[in-house]
Amino acid sequence: MVQPESDLEGCAREPIHIPGAIQPHGALFVLRPSDMTVIQASANASDLLGSSLTLGKGLTDLEPAVERIRGWYESGEPALQVAIPDRGLILIAHRSNGLIIVEVEEAEEATASGIFSGLRSFIERLAAQADTPGSLNETVRFVQELTGFDRVLAYRFDDAWNGQVVAEAGNGRLPSYLDLRFPASDIPAQARALYATNRVRLIPDASYEPVPLEPALNPETNQPLDLSAAQLRSVSPVHLEYMRNMGTAASMSISIMIDGNLWGLISCHSARPHKVSSTLRDLCDFVVQSLAMRIAAQERAAEASQRVDLSQVTGRLLASMSSRSDWVEGLAEARDDLLRQVGATGAAIMTDARCICLGSTPAEPQLQAIVHWLEQRGDAEEVFATASLSAQLPSATDFADTASGILAVRLSKLYPSWLIWVRPEVHRTVTWGGDPHKHVAENGRIHPRKSFDAWQEQVRLQALPWTAAEIAAARDLRAAIVGIVLRRAEELAELTS
Ligand SMILES: CCC1=C(C)C2=CC3=N/C(=C\c4[nH]c(/C=C5\NC(=O)C(C)=C5CC)c(C)c4CCC(=O)O)C(CCC(=O)O)=C3CCN2C1=O
């Protein structure tokens with residue numbers, strides 16, 4: 001029987017890229033590149049462009065701008081900005097499915113003269129930060145000064161797309177969210193995918209009335225217009241409700257992109273409507289991508305130094321295994337290094353009917369049950385890591401105090417042979433922004449939770465997660481062991497031939 005999708009799954013399928021409307025702090029029209037005819041426009045387009053814009057015709061009295069756009073379209077260059085000083089307007093053009101989408105905003109006053117000296121001192125302060133928390137704190141402080149939002153926070157995603165507020169700057173008008181966690185469903189998958197390409201999104205007033213596009217369907221494609229890359233795209237009603245519940249009338253989010261992945265957001269909020277000019281939005285994007293490069297450099301440096309330490313440990317383990325005719329005994333003799341290799345509290349070498357336990361491990365029958373479970377998973381992967389084994393193997397709750405987390409490497413494809421590191425569960429108290437399981441489903445629609453007050457959850461049956469460097473070190477040691485076993489087999493074959 002097909003299970004009905006949960007309300008949250010339904011919410012995560014909302015096609016937010018084709019709302020058929022825009023926010024009212026600007027206007028939008030669509031040009032057919034072949035003849036630069038206006039084929040679609042927002043209902044408020046004439047408020048900004050007057051009689052220059054008529055559906056089904058070319059723009060009039062804006063020829064220089066039209067020619068700039070035509071030249072840009074054929075150039076293949078990314079998005080184009082064109083100022084129309086005599087109208088006090090700025091046009092921002094981008095391509096979408098073979099069409100030209102042009103967004104129009106009123107040009108704001110020239111940016112404050114001190115902005116560039118402020119930018120220079122920010123870049124200097126950022127470069128002086130020794131770690132990621134310092135970089136994040138500098139950035140939220142600068143963006144708050146730059147934009148005047150009441151609260152600016154740095155929001156970092158974890159592997160399950162839950163997020164935590166890891167830095168914050170504010171003027172006290174909004175409550176602090178520092179250290180609070182929020183569930184993945186607050187920013188569903190299709191939104192995260194969109195934010196990985198459209199990095200800066202402004203909602204100046206969450207109580208706006210959407211402005212429809214006319215005609216509703218694009219006459220060229222007879223499909224809704226794809227507004228994924230548009231700055232004025234109207235926002236999902238469920239998120240606007242979320243903002244009102246949160247007491248934030250205005251927001252701006254800027255994606256922190258690292259190696260092409262959405263690492264987190266710089267998220268700005270104000271209790272009252274608040275607009276930021278297109279120029280300042282571009283500047284904030286530059287600031288946040290500078291932060292992203294800094295974080296990437298800091299994370300790479302930290303990983304590199306951890307790998308150097310771990311490679312020295314691997315070298316000592318290799319020496320110990322090579323010094324004995326039985327590599328298993330050599331490995332067991334270097335117990336402290338074996339545990340230090342991945343920051344484990346226990347390890348078990350399960351091979352050729354032997355079970356050698358080092359440090360704090362489950363009992364042998366329980367280790368055999370883990371090996372049986374690993375073997376029947378049918379996963380050809382050589383390395384398996386989890387911080388919560390009982391989530392996949394319920395019987396593991398019996399030994400959560402020694403092995404909530406396991407990091408297992410397969411030593412043979414021919415018969416059950418594993419090296420398994422273990423970590424105990426860590427009792428943790430996690431503080432959420434509101435009860436993460438609380439949302440209301442009414443009339444087939446989902447409504448966000450209304451409270452974001454600190455809500456504590458006792459986390460059980462979870463160990464500290466394995467880092468990428470630890471998993472890589474486990475993989476390196478596995479390769480060293482397989483190399484020794486192969487060499488020994490070749491030596492034996494030579495002796496007996
Ligand atoms: C305090 C930490 C924090 C959180 C947790 C947060 C949430 C957040 N949600 C965002 C977007 C969405 N949430 C949802 C959906 C939900 N939010 C919920 O709470 C629930 C239950 C749903 C239905 C799945 C949707 C559809 C969207 C896409 C809106 C759009 O761009 O059209 C967005 C992106 C809004 C934007 O950037 O335009 C945010 C950022 C704001 N923000 C924060 O600052």
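The values are calculated or read from the model by the stated rules, or taken from the named source; none is laboratory data. Quantities reported herein were computed from a predicted structural model and do not represent experimental measurements. When we count neighbours, we look across all protein chains shown, and the Cβ atoms used for this are built from the backbone with ideal geometry, even at glycine. What goes into the accessible areas is simple: the full protein's heavy atoms, side chains included, and nothing from ligands, DNA or RNA. Shrake-Rupley method; radii C 1.70, N 1.55, O 1.52, S 1.80 Å.
Have a look at ALA230, ALA193, ALA167 and point out the one that is open to solvent by 40 Å² or more (accessible area, probe 1.4 Å) and of a type in the set (A, V, I, L, M, F, W, C). Please lay out each step first, then the result.
Values: ALA230 fails: open to solvent by 40 Å² or more (accessible area, probe 1.4 Å); ALA167 fails: open to solvent by 40 Å² or more (accessible area, probe 1.4 Å).
Going through ALA230, ALA193, ALA167 in turn, just one is open to solvent by 40 Å² or more (accessible area, probe 1.4 Å) and of a type in the set (A, V, I, L, M, F, W, C): ALA193.
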Among the residues of region 117-150, the number that are out of contact with any Asp or Glu (no Cβ under 7 Å at 6 or more places or on another chain) and within 16 Å of the ligand (Cβ to nearest atom) is 7
For SER270, all conditions in the list (1) under 30 Å from SER417 (Cα atoms); (2) touching a strand residue (DSSP E or B) at 6+ places or on another chain (Cβ under 9 Å) hold save one; what is the number of the exception? (1)
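Scan region 40-53 and give yes if some residue there is farther than 26 Å from SER236 by Cα and modelled with pLDDT of 95 or more, otherwise no. If you could, list the steps in order and put the result at the bottom.
Filtering region 40-53 down to residues farther than 26 Å from SER236 by Cα leaves 49-53.
Adding the requirement that they be modelled with pLDDT of 95 or more leaves none.
Within region 40-53, none of the residues are farther than 26 Å from SER236 by Cα and modelled with pLDDT of 95 or more.
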Starting from region 337-358, keep only residues that are assigned by TED's automatic domain parsing to the domain that holds ALA385, then list their pairs with residues that are open to solvent by less than 40 Å² (accessible area, probe 1.4 Å) and charged (D, E, K, R) whose Cβ atoms are within a distance under 7 Å, requiring at least 6 positions of separation or different chains. VAL342/GLU470; GLY343/GLU470; ALA344/ARG423; THR345/ARG423
Here are GLY444, GLY434: which of them is under 30 Å from PRO237 (Cβ atoms) and under 23 Å from the mean Cα position of the chain (by Cα)? GLY434
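Among the residues of region 211-227, write down those that are of a type in the set (A, V, I, L, M, F, W, C) and either within 12 Å of the ligand (Cβ to nearest atom) or surrounded by fewer than 20 Cβ atoms within 10 Å (Cβ to Cβ) (or both). Lay out the reasoning, then the answer.
Filtering region 211-227 for residues of a type in the set (A, V, I, L, M, F, W, C) gives 211, 213, 216-217, 225, 227.
Answer for region 211-227, where residues must be of a type in the set (A, V, I, L, M, F, W, C) and either within 12 Å of the ligand (Cβ to nearest atom) or surrounded by fewer than 20 Cβ atoms within 10 Å (Cβ to Cβ) (or both): ALA216, LEU217, LEU227.
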Of all residues in region 258-286 being β-branched (Val, Ile, Thr) and part of a strand (DSSP E or B), the one that is nearest to the ligand (Cβ to nearest atom): ILE266
Does at least one position in region 242-255 carry a residue that is closer than 23 Å to LEU146 by Cα, more than 12 Å from the ligand (Cβ to nearest atom) and touching a residue at least 40 places away in the same chain (Cβ under 8 Å)? yes
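If the requirement is being free of Cβ contacts under 8 Å to residues at least 12 places away in the same chain, under 25 Å from GLU214 (Cβ atoms) and surrounded by 13 or more Cβ atoms within 10 Å (Cβ to Cβ), which of these qualifies: SER46, SER42? Steps first, please.
Numbers: SER42 fails: free of Cβ contacts under 8 Å to residues at least 12 places away in the same chain.
Criteria check complete, one pass: SER46.
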Conditions: (1) at negative phi; (2) surrounded by 13 or more Cβ atoms within 10 Å (Cβ to Cβ); (3) not polar (S, T, N, Q). TRP161 meets all but one. Number of the miss? (1)
Somewhere in region 464-475, is a residue within 25 Å of PHE182 (Cα to Cα), within 16 Å of the ligand (Cβ to nearest atom), modelled with pLDDT of 90 or more and in contact with a Leu (Cβ under 8 Å, 6 or more places away or on another chain)? no
Scanning region 55-91 residue by residue, those open to solvent by 60 Å² or more (accessible area, probe 1.4 Å), touching a His at 6+ places or on another chain (Cβ under 9 Å) and under 14 Å from VAL102 (Cβ atoms) turn out to be ALA79
Provide a single number: the residues in region 334-369 that are buried (at least 16 other Cβ atoms within 10 Å of the Cβ) and of a type outside the set (A, V, I, L, M, F, W, C). 12
Which number in (1) over 22 Å from the mean Cα position of the chain (by Cα); (2) of a type in the set (Val, Ile, Thr); (3) in the same structural domain as ILE295 (by TED's automatic domain parsing) marks the one condition that VAL152 misses? (1)
Which condition does GLN456 not pass, out of (1) open to solvent by less than 20 Å² (accessible area, probe 1.4 Å); (2) touching a Ser or Thr at 6+ places or on another chain (Cβ under 9 Å), if it passes all the others? (1)
